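Asker: Pasting a structure below so you can have a look.
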Amino acid sequence: MDYFLQQLINGITLGSIYGLIAIGYTMVYGIIGMINFAHGEVFMVGSFIALITILSLFALGITSVPVALVFALVVAMSVTAVWGWTIERVAYRPLRGSFRLAPLITAIGISITLQNFVQISQGARSKPLPPLIRGGYILSEHDGFAVSLSYAQILIIVTTVILMAGFSFLIGKTPLGRAQRACEQDRKMAALCGVNVDRTISLTFVIGAALAAVAGLMFLVYYGVIDFFVGFVAGIKAFTAAVLGGIGSLPGAMLGGLVIGLIEVFWAGYFTSQYKDVAAFSILAIVLIFLPSGLLGRPEVEKV
Amino acid sequence: MAETAVDAPEPLLSTGAMRDAAITFGLCLILTVSLVGLKTDNLGEGQGITITTHLVTAVILAASVTAVRFLLGVLIWRNTAHGQSLASVIPGFVSLGRTLAIVFFLAGAVLAARSGLRTELIAKAAEVYPLFGNLVDLLTFGAMATFFIFLAMAAVHFVRITTAGTAKGKSGASKISSASGFISGLGHEFPVALLLVALILPILVLGPQQRYAIDTATQILIYVMLGWGLNVVVGLAGLLDLGYVAFYAVGAYSYALLATQLGWSFWVCLPLAGLFSALWGITLGFPVLRLRGDYLAIVTLAFGEIVRIILQNWQSLTGGPNGISSIPRLSFFGLTFARSGDNTFSDYFGIEFDPIHRVVFLYYVILLLALATNFVTLRLRRLPIGRAWEALREDEIACRSLGINTVTTKLSAFAIGAMFGGFAGSFFASRQGFISPESFTFQESALVLAIVVLGGLGSQIGVVVAAVALVGSAERFRELQEYRMLIFGLAMVLIMIWRPRGLMSGRTPSAVLHEARTVSSEFVQQGRG
């Protein structure tokens, strides 16, 4: 039971990170119907920028951890948002209205470019960061096995919940969210009604990138080590999460992220860690076979 | 087109252009300072990392990107933005390609006439700056290739003209020998000429670089074959498959295991490997039948990853990350390409041993396999099943309402595509002599898909051109190491923006009522993928 509880906590933490990345995928898919393959790489860039910011602050003599974290969060979110905007402007906007596979190929191209860009500019070796947040609560202790909830995990889960709440408000109540939902339903009609479609799409990318940067910072804090390749696996998992939850649905992305995180952690905890990715992908395939539009997605009605 | 000409010319350095440049510079500065200007350096084992500043590099990078954008904006975009095409703005832009081809042709002729000239030029350029050597190498190679392909095209054209009288009435091909002549007919002769050059390639590249050139060509042909195989799935049937490398892996491991465990020969294992891959294609295809578009893409990607992870972890069968080594090499009807021993190729034919024999033999084997793939695909396109694939690509609902069985159509596309992938895989295994899961990552799938899409979906010759461009240039710039992949990624983006429908984007319907007409990409409505 204790073991189960511990795995549950770990799974929810991991799932929160996946969920935040998955929102970027699902939003972009909802609004322009393309797989933003480079999103995993944007996450990686975000975590690198967070790492660089924290290290720069330490080098400047600011050693207070909360200040460093908040500063890193702000810097990583804003700079990664610029990256997201630039990627959309350079690689996707010229191809809007082109055939379906074209932006997918540029996305793969951007993904390869970013990976190698970071590899060249930051070096190929993995970057360890000494643990910033130590300690935590011991929830229960039996027979020498302690269930612990570390402060880092609390931080991750709380931040995710806050961001999700803020984000739901953004989509549900603000003019920007309205414009976004309008573009999602019918881009041409939205444009006729005076919605600036290009700007809305750009903002979607900006928001997605900012959330990915938050996930990047959390990944860095939780695991304490990153390299230029983390984006690929995390990106695929997050995309799996988005599809699992029903692509285009925001609560679905979060739910999918949690499910993928839990499956991965439980599989690794109870069976073998070698095949944890196989488990996650198999669940994806099985869910899609029986529920082709994901857990919370609307079934697509095809018009002739 | 009538209204476009009256725009008053803007001043070259308008405030708009300046503002645009300033914004670009600011943006680039944010992007470069964040990742280039501040560099994390590892201090050594277990000692953490430190940060160093490279601000000058970052500023230079940002400035150069801005400069390129500014020049493009002033010289090209400013003029083309008002609906004028590039051709009407820059006189001679249309003929630029033709001029370039002629220059390349003449240069190639000179290079071909004086055999030592090329190496001399490369060495001289490399003395100035190492990168220039590569560039000259690539350019001279391009020139020679142009020369030989043009020569072959001319030869094919000549043969067509002289046999036109006898062939008249038999085929439509004789029509192109009319006065409109050479240039317009080239489109038809390009594939044949390419084939001719491919057939005599080992003779064309005699010299110190022969082995390297043939190895590169073999590498390219493996990707051509993979591209043709994937083209069946993506280009013809319109099923987006991001896990194609799984079938390549299945083929490679089938051959490696059968050959090392049972000692069967390549030619016995080849059909078996193809069969296994096809079975895998059906097995993986079956669950995803109901999925469409992007769901299909992600599930195939997941399958590709699952296959790789299983190969990596099933130690007892696949050797795990260490892979399988000492896979038997291909033999020529039982004659091996060894220096000594029984039944060697060189002994049997009474010629001196030369490692190049094996390289050339492998080249012809993959050429044969690739041509077989192409031939089978072209014939399949004329069969009902091939037409069903294309119909499925255009409209699945219409397909179903016309009584096409979409299940068998999709599964057959998966199976045939997978089979070709399996053939390529077993050839790869026997050529390398060693395989490991590292050769079958998602990057490979992405590369093959890029070849198919950049070449132009469904275009067989486009796959060849894209494979030569991508794999060939990646091979030439091997010394640049990680910069190579960076350039590769950027090239993918730029080519796609430049030509969203691929390099060879004509779509020839395989079933026609009266006469076949190639629909150029300009006339195919965008968005009808």
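The values are calculated or read from the model by the stated rules, or taken from the named source; none is laboratory data. Please read these numbers as outputs of a predicted model, since none were measured by experiment. Cβ placement follows ideal geometry from the backbone for every residue including glycine, while neighbour counts extend to all protein chains displayed.
Asker: Can you tell me which condition residue A:97 does not meet? The list is (1) within 14 Å of chain B (Cβ to nearest Cβ); (2) surrounded by 15 or more Cβ atoms within 10 Å (Cβ to Cβ), and all the others hold.
Answerer: (2)
Asker: Which number in (1) modelled with pLDDT of 70 or more; (2) of a type in the set (A, V, I, L, M, F, W, C); (3) not in a helix (DSSP H, G or I) marks the one condition that residue B:122 misses?
Answerer: (3)
Asker: Go through (1) within 12 Å of chain B (Cβ to nearest Cβ); (2) among the aliphatic types (A, V, I, L, M); (3) surrounded by 20 or more Cβ atoms within 10 Å (Cβ to Cβ) one by one and return the number of the condition residue A:31 breaks.
Answerer: Among (1) within 12 Å of chain B (Cβ to nearest Cβ); (2) among the aliphatic types (A, V, I, L, M); (3) surrounded by 20 or more Cβ atoms within 10 Å (Cβ to Cβ), residue A:31 violates only (1).
Asker: With within 14 Å of chain A (Cβ to nearest Cβ) and at pLDDT 65 or above as the only criterion, which of B:32, B:99, B:15, B:80 stands out? Give the derivation first.
Answerer: Working: B:99 fails: within 14 Å of chain A (Cβ to nearest Cβ); B:15 fails: within 14 Å of chain A (Cβ to nearest Cβ); B:80 fails: at pLDDT 65 or above.
The unique qualifying residue is B:32.
Asker: All but one of (1) in a loop (DSSP other than H, G, I, E, B); (2) at pLDDT 85 or above; (3) under 17 Å from the mean Cα position of the chain (by Cα) hold for residue B:458; which doesn't?
Answerer: Tallying (1) in a loop (DSSP other than H, G, I, E, B); (2) at pLDDT 85 or above; (3) under 17 Å from the mean Cα position of the chain (by Cα), residue B:458 fails exactly one: (2).
Asker: Which residues, counting only those in segment A:117-136, are free of Cβ contacts under 8 Å to residues at least 40 places away in the same chain and either among the polar types (S, T, N, Q) or surrounded by 13 or more Cβ atoms within 10 Å (Cβ to Cβ) (or both)? Walk me through how you get there before you give the answer.
Answerer: Start the filter on segment A:117-136 by keeping residues that are free of Cβ contacts under 8 Å to residues at least 40 places away in the same chain, which leaves A:117, A:120-121, A:123, A:134-136.
Within segment A:117-136, A:117, A:120, A:121, A:123, A:136 meet the criteria.
Asker: Scan segment B:262-294 for residues that are outside any helix (DSSP H, G or I), within 10 Å of chain A (Cβ to nearest Cβ) and either among the charged types (D, E, K, R) or touching a residue at least 12 places away in the same chain (Cβ under 8 Å) (or both) and jot them down.
Answerer: From segment B:262-294, those outside any helix (DSSP H, G or I) are B:263-265, B:286-292; that's our starting set.
Retained after the next criterion (residues that are within 10 Å of chain A (Cβ to nearest Cβ)): B:286-292.
Once the filter is applied, which keeps residues that are outside any helix (DSSP H, G or I), within 10 Å of chain A (Cβ to nearest Cβ) and either among the charged types (D, E, K, R) or touching a residue at least 12 places away in the same chain (Cβ under 8 Å) (or both), segment B:262-294 yields B:286, B:287, B:288, B:289, B:290, B:292.
Asker: Say whether the condition of being modelled with pLDDT of 70 or more, under 19 Å from residue B:238 (Cβ atoms) and more than 9 Å from chain A (Cβ to nearest Cβ) is met by at least one residue in segment B:482-500.
Answerer: Checked segment B:482-500: no residue is modelled with pLDDT of 70 or more, under 19 Å from residue B:238 (Cβ atoms) and more than 9 Å from chain A (Cβ to nearest Cβ).
Asker: Go through segment B:361-406 residue by residue and tally those that are loosely packed, with under 13 Cβ neighbours inside 10 Å, in a helix (DSSP H, G or I) and either away from chain A (no Cβ under 14 Å) or on the phi > 0 side of the Ramachandran plot (or both).
Answerer: 5
Asker: Now a separate question. For segment A:228-303, give me every one of the helices (runs of 4 or more DSSP H) that falls completely inside it and has 1 or more residues that are within 28 Å of residue A:217 (Cβ to Cβ) and facing chain B (nearest Cβ under 8 Å). Can you show your working first?
Answerer: On the way: elements: A:230-245, A:250-270, A:276-290.
Fully inside segment A:228-303 and qualifying: A:230-245, A:276-290.
Asker: Tell me which of these residue B:420 doesn't satisfy, since it passes every other one: (1) surrounded by fewer than 24 Cβ atoms within 10 Å (Cβ to Cβ); (2) under 22 Å from residue B:304 (Cα atoms); (3) within 18 Å of the chain's Cα centre (by Cα).
Answerer: (1)
Asker: Does segment A:51-66 include one or more residues that are away from every other protein chain (no Cβ under 14 Å) and part of a helix (DSSP H, G or I)?
Answerer: Within segment A:51-66 (the criterion being away from every other protein chain (no Cβ under 14 Å) and part of a helix (DSSP H, G or I)), the answer is yes, since at least one residue qualifies.
Asker: List every residue pair whose Cβ atoms lie under 6 Å apart, where the two residues are 6 or more positions apart in sequence or sit on different chains, the first residue falls within segment A:11-40 and is within 19 Å of residue A:113 (Cα to Cα), and the second residue, located anywhere, is hydroxyl-bearing (Ser, Thr, Tyr).
Answerer: A:37/A:111; A:38/A:111; A:39/A:25
Asker: Starting from residues that are modelled with pLDDT of 90 or more and small (Gly, Ala, Ser), keep the ones in segment B:240-261 and report whichever is nearest to residue B:392 (Cα to Cα).
Answerer: If we take residues in segment B:240-261 being modelled with pLDDT of 90 or more and small (Gly, Ala, Ser), then B:246 is nearest to residue B:392 (Cα to Cα).
Asker: Tally the residues that are farther than 30 Å from residue B:298 by Cα and in contact with a helix residue (DSSP H, G or I) (Cβ under 8 Å, 6 or more places away or on another chain), restricting the search to segment A:24-62. Please lay out each step first, then the result.
Answerer: Here is the first cut: in segment A:24-62, the residues farther than 30 Å from residue B:298 by Cα are A:51-62.
Narrowing further to those that are in contact with a helix residue (DSSP H, G or I) (Cβ under 8 Å, 6 or more places away or on another chain): A:51-54, A:57-58, A:62.
Matching residues across segment A:24-62 total 7.
Asker: Listed residues B:463, B:448; which is in contact (Cβ under 8 Å) with a residue 60 or more places away in the chain and either outside any helix (DSSP H, G or I) or farther than 30 Å from residue A:122 by Cβ (or both)? Please lay out each step first, then the result.
Answerer: Working: B:448 fails: either outside any helix (DSSP H, G or I) or farther than 30 Å from residue A:122 by Cβ (or both).
So the residue among B:463, B:448 that is in contact (Cβ under 8 Å) with a residue 60 or more places away in the chain and either outside any helix (DSSP H, G or I) or farther than 30 Å from residue A:122 by Cβ (or both) is B:463.
Asker: Here's another thing I want to ask about it. Within segment B:163-201, work out how many residues are more than 22 Å from residue B:100 (Cβ to Cβ) and modelled with pLDDT under 75.
Answerer: Qualifying residue count, segment B:163-201: 18.
Asker: Then there's this: Within segment A:67-94, take every residue that is over 19 Å from residue A:217 (Cα atoms) and crowded, with 22+ Cβ neighbours inside 10 Å and give me the one that is nearest to the other protein chains (Cβ to nearest Cβ).
Answerer: That would be A:91.
Asker: With in contact (Cβ under 8 Å) with a residue 12 or more places away in the chain and touching a Cys at 6+ places or on another chain (Cβ under 8 Å) as the only criterion, which of B:237, B:297, B:259 stands out?
Answerer: On the way: B:237 fails: touching a Cys at 6+ places or on another chain (Cβ under 8 Å); B:297 fails: touching a Cys at 6+ places or on another chain (Cβ under 8 Å).
That would be B:259, the only listed residue that is in contact (Cβ under 8 Å) with a residue 12 or more places away in the chain and touching a Cys at 6+ places or on another chain (Cβ under 8 Å).
Asker: How many residues does segment A:112-136 contain that are in a helix (DSSP H, G or I) and either out of contact with any strand residue (DSSP E or B) (no Cβ under 9 Å at 6 or more places or on another chain) or over 30 Å from residue A:151 (Cβ atoms) (or both)?
Answerer: Restricting attention to segment A:112-136, the residues satisfying the condition of being in a helix (DSSP H, G or I) are A:112-122.
Among the residues that remain, those that are also either out of contact with any strand residue (DSSP E or B) (no Cβ under 9 Å at 6 or more places or on another chain) or over 30 Å from residue A:151 (Cβ atoms) (or both) are: A:112-121.
Residues that pass the stated criteria total 10.
Asker: Kindly evaluate residue A:179 against the criterion of being without any contact (Cβ under 8 Å) to a residue 60 or more places away in the chain, loosely packed, with under 15 Cβ neighbours inside 10 Å and farther than 28 Å from residue B:38 by Cβ.
Answerer: Numbers: without any contact (Cβ under 8 Å) to a residue 60 or more places away in the chain: yes; loosely packed, with under 15 Cβ neighbours inside 10 Å: no; farther than 28 Å from residue B:38 by Cβ: yes.
It is false that residue A:179 is without any contact (Cβ under 8 Å) to a residue 60 or more places away in the chain, loosely packed, with under 15 Cβ neighbours inside 10 Å and farther than 28 Å from residue B:38 by Cβ.
Asker: Against the definition (within 13 Å of chain A (Cβ to nearest Cβ) and farther than 28 Å from residue B:474 by Cβ), how does residue B:308 come out, yes or no? Give the steps one after another, and end with the answer.
Answerer: Details: within 13 Å of chain A (Cβ to nearest Cβ): yes; farther than 28 Å from residue B:474 by Cβ: no.
In short, no.
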